[in-house]
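Have a look at the structure below, then the notes.
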Amino acid sequence: MSQDHRLTETITLSQAKRLITALAAEQSLLLLSPPGIGKSDIVRQAAAEAGLPCRSLLGTQIAPEDVSGIPRIVGERSVFCPPRILLPEDSGPFCLFLDELPACAPDVQKAFYSLLLERRLGEFPLPPGTWVVAAGNRAEDRALVRTISSALVNRVFVLEVKVDFKEWMTWAKSQGVRSDILAFLTFMPSALQRNVPREPVPFSTPRAWATLSRALDLADRHGITDSASRRALAFGRVSGEDAAIFAATTEARLEQLHGADVYVRNPDEICGESSARWLIIHAIRLAVRDDLLGELTPDEVNHFLRTIPQEFCFAVLTDLVHKWGALGADPAMFDLLREVTGL
């Protein structure tokens, strides 16, 4: 399934969960998203809340006969015996979760056709009320994804899912994710989900941050609190730039970090040691670069640029003059800066 030049509509995990609950007993759903945002968890949560056992098949580890079943002779006819995980002996409904469906080989995808459209395995129908939900990554995520056949696409509702920062923060607080990670992500929300890198290196996802939190808790529990170990864990799980800034903020003991927009609206909040101030300036630069500053008035933008020290002003403006201009910065200020600095 080509991902180029498509018009798509994305939904959050909570929206996907509501659609699963409402539709999955009659309609087959395929959730697509970047890696590590929590698709599998949301399917299992929805099933648990509906009182349905969740049975999972992993697309990269199944063969066609794992779907269609093994033939046996009954009288003078062959009968296909479906696998127990897809059609358990218990006749009650369940949630059938087909994880990593886009990673299935073409012959495995073909074996799913009648299951996805007609809710049956050969001559055996699924128990009434059974959910059928699939999930996987998109082609652009470079995560072992094969071309999805048009026949399969036409048998499911394809729902593109995105991570929502506020939703994830609410979930993370309920799951005990560390306060230093929550503070850092409030400071740099764009670090929650990064694009998949071309090289096989760690990169930031909601799953990666939750796992890092757990690893740091385990290290603390065993008395491993030195900065070298903590930095090694951070660089081993999230994107390098994010790991470096996270480590620097924790080493500087910046416990009350705010979002970049808060510092733009209240430049007096940029305080602390020099290294801490430069971290905040760097976060503001990234927020401007990535268009993540939110709703600011021109007065707020110009007050910030006129209030911060000159070296900070140059730092936030370098290579970003047009971005600040779009936010409402005073053209007269740019003229002066261009004359003095050549920005």
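The values are calculated or read from the model by the stated rules, or taken from the named source; none is laboratory data. All values derive from a computational prediction rather than experimental measurement. So basically every Cβ, Gly included, is an ideal-geometry build from the backbone, and we count neighbours across all protein chains shown.
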Just checking, which of Phe203, Phe235, Phe187 is in contact with a Ser or Thr (Cβ under 6 Å, 6 or more places away or on another chain), outside the structural domain of Pro35 (by TED's automatic domain parsing) and hydrophobic (A, V, I, L, M, F, W, C)? Phe203
What's the number of the only condition in (1) at pLDDT 70 or above; (2) part of a helix (DSSP H, G or I) that Pro35 fails to meet? (2)
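Please work out if Gly59 is within 22 Å of the chain's Cα centre (by Cα) and at pLDDT below 90.
Numbers: within 22 Å of the chain's Cα centre (by Cα): yes; at pLDDT below 90: yes.
So Gly59 passes the test.
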Counting only residues that are in contact with a helix residue (DSSP H, G or I) (Cβ under 8 Å, 6 or more places away or on another chain) and closer than 14 Å to Pro35 by Cα, how many does region 206-238 have? 5
Members of region 187-212 found to be crowded, with 16+ Cβ neighbours inside 10 Å and more than 16 Å from the chain's Cα centre (by Cα), listed by number: Phe187
Picked from region 157-186 (must be among the charged types (D, E, K, R) and out of contact with any Asp or Glu (no Cβ under 9 Å at 6 or more places or on another chain)), the residue surrounded by the most Cβ atoms within 10 Å (Cβ to Cβ) is Asp164
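Looking at Arg253, Arg221, can you tell me which residue is modelled with pLDDT of 90 or more and not aromatic (Phe, Trp, Tyr)? Before the answer, list the steps.
Working: Arg253 fails: modelled with pLDDT of 90 or more.
Residue meeting the stated conditions: Arg221.
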Between residues in region 318-337 that are modelled with pLDDT of 80 or more and residues that are charged (D, E, K, R) and part of a helix (DSSP H, G or I), which pairs lie under 7 Å by C-beta distance while being six or more apart or on different chains? Leu320/Arg285; Leu320/Arg289; Lys323/Arg289
